[in-house]
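What follows is a set of notes on a single structure, which appears directly below.
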Amino acid sequence: MPAEAPQPLLRQRDAIAIIVGIVIGAGIFKTPSMVAGVTGDAGWVTVAWILGAIVSLAGALCYAELATTYPHAGGDYHFLTRAWGRHASFLYAWARATVINTGSIALLAFVFGDYMAKVAPLGAAGGAYWAALIVVALTAVNIAGLKASSRTQNWLTMFEVAGLLAVAIAGFMAPPVAAAAAGPAAFSSAPALGMFGLAMVFVLLTYGGWNEAAYISAELKGGRRAIVPVLVTSLAILAGIYLLVNLALLSGLGLKGLADSKAAGADVMARTFGETGAKALSLFVAIAALTSINATMIVGARTNYALGRDWPALRFMGGWHATRGTPVAALVVQGAIALALVAFGALQHDGFEAMVEFTAPVFWSFLLLVGLALFRLRATDRAAERPFRVPLYPLTPLVFCAACAWLAWSSITYAASRNAVHVSLIVMAAGVVALLFTGARPLIPAKKAD
């Protein structure tokens, strides 16, 4: 296998499909009901989703500066190496390999498995079996090469968006809701600040994933600035779809009906198209999970690749197959860890909830560190060429960092309330041990932007 470097093989539309596919997962089918219940007002529901888009855009602009200044397949890992040193970036790469990306893959695999088990049961543990099978299948697709995985991603994303548009159509076509389900008029009351903050936690979790664009910045055609329109276009598409779906759910179910619903999309499809429509939505939810798994695999393996390039003890992950345009060994390692987490989740009360508790605290804590890296690199690397500069600096990155800190604290508090935060801490402690082991070896000098 040739030990080559990433090449610019991705078109912008492929990159947009990857980002949209990562972000639009099962969350949009779950969180609208939670946001409606917490805010208690249709007007504030809309405000929350608009604010979520604004905060996400602030983060995307920060990432656009980092990715255009330091384009690299290592993405966040590369930024953290430059800003905070190799020890911090190693722990981040360890977290992505063992918690963040692989945990997200396992989480989404459980969503896919739960829905597929209803269509084709495989026994009492059918959901876990389906979850394991899809991890193996999509890992194989990605090993086949970047063209195969990006082509698969384009089709899955189109199907996924079509499912959400079907929910929106059903919501606007649904019969008028009863007065009891309609709820009060928009902006007739304001939620308490703490409750609105909780709503924003759900909203921002649903928008999460756009930052993965940093991992494909070195593989985009069109030069270093190509990542900027990819990020902005992706978020514009996401914000439009999310607002449309929420307005449609409010129209089809009413505020109280939406807040009380356990499966809002299925309920509105059932009201408009009957039980056939509700069953069809199960397929769309499975496809949404499938899309996000594939996209997460594409970007997640790039961290393992960068880790292997920089740390001699992990060099086996640093190979790049020039013909396929993908890091094969890094994908195999990622798939194996994800399978182990599927097995771990299968032993818990609920695999999906276990993965949320496992991944969220670590993810938002490190994302905060990436946001702070922009300030540090601006101060310490003044000579770097910056094809794009984040507008309204330092306000924009301050908004992003504040949101990350808030979500990190909220996620830690939530995991602690479920007596689950110790799992992430144990895994990160193992990362410190691994750092001590690999740190005893000579380090490869830090690489400049490719």
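The values are calculated or read from the model by the stated rules, or taken from the named source; none is laboratory data. Fair warning: this is a prediction, and the values are worked out from it, not measured in the lab. Note: ideal-geometry Cβ built from the backbone for every residue, glycine included; neighbour counts use all protein chains shown. Please note that ligands, DNA and RNA were not included when accessible areas were found on the heavy atoms of the full protein model with its side chains. Shrake-Rupley method; radii C 1.70, N 1.55, O 1.52, S 1.80 Å.
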Summing -39500 (n - 2.57) over every DSSP H run of at least 4 in the chain, dividing by its residue total and rounding to the nearest 500, the 222 nm mean residue ellipticity is -25000 deg cm²/dmol
Using the Cα centre as the reference, give the magnitude of the dipole from point charges on the C-beta atoms of region 340-427 (Lys, Arg: +1; Asp, Glu: -1; all else neutral), rounded to the nearest 20 debye. 480 debye
Accessible area per residue in Å² at 1.4 Å probe, computed on the chain: 39 Å²
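With charges set only on the Cβ (+1 for Lys and Arg, -1 for Asp and Glu), what does the dipole of the chain come to about its Cα centre, in debye to the nearest 20?
Numbers: 29 positive and 19 negative charges, 231 e Å.
Here the chain has a charge dipole of around 1100 debye.
From the Cα gyration tensor of region 20-151, with a ≥ b ≥ c the square roots of its eigenvalues, which class applies: rounded if a/c is under 1.5, or else prolate if a/b is larger than b/c, or else oblate?
Values: a/c = 2.09, a/b = 1.10, b/c = 1.90.
Verdict is oblate for region 20-151.
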I'd like to know which of Ala280, Ala373, Phe388 lies farthest towards the positive end of the charge dipole of region 272-392, counting +1 on Cβ of Lys and Arg and -1 on Cβ of Asp and Glu. Phe388
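Using 1/(1 + (r/R0)^6) with R0 = 45 angstrom and r between the beta carbons of Ser189 and Ala336, what's the FRET efficiency to the nearest 0.05?
Plugging the Cβ-Cβ distance into 1/(1 + (r/R0)^6) gives 0.30.
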Share of accessible surface on carbon and sulfur in the chain, whole %, 1.4 Å probe and ligands ignored, is 69 percent
Non-local Lys pairs in the chain, i.e. 8 or more apart or on different chains, that have alpha carbons under 21 Å apart: 9
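Once the piece of chain linking Ile50 and Val432 is laid out straight, how much longer is it, given 0.36 nm per residue of separation minus the C-alpha distance between them? Can you show the working numbers first?
Working: separation 382, 0.36 × 382 = 137.52 nm, distance 3.93 nm.
133.6 nm is the gain from fully extending Ile50 to Val432.
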Ordered by packing density, taken as the mean number of other Cβ atoms within 10 Å over each peptide's residues, highest first, how do 425-434, 158-167 rank? 158-167, 425-434
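Could you compute the FRET efficiency for Arg389 and Glu275, with r as their C-beta to C-beta distance and R0 at 56 Å, rounded to 0.05?
Numbers: r = 54 Å, r/R0 = 0.96.
Efficiency computed from Cβ-Cβ geometry: 0.55.
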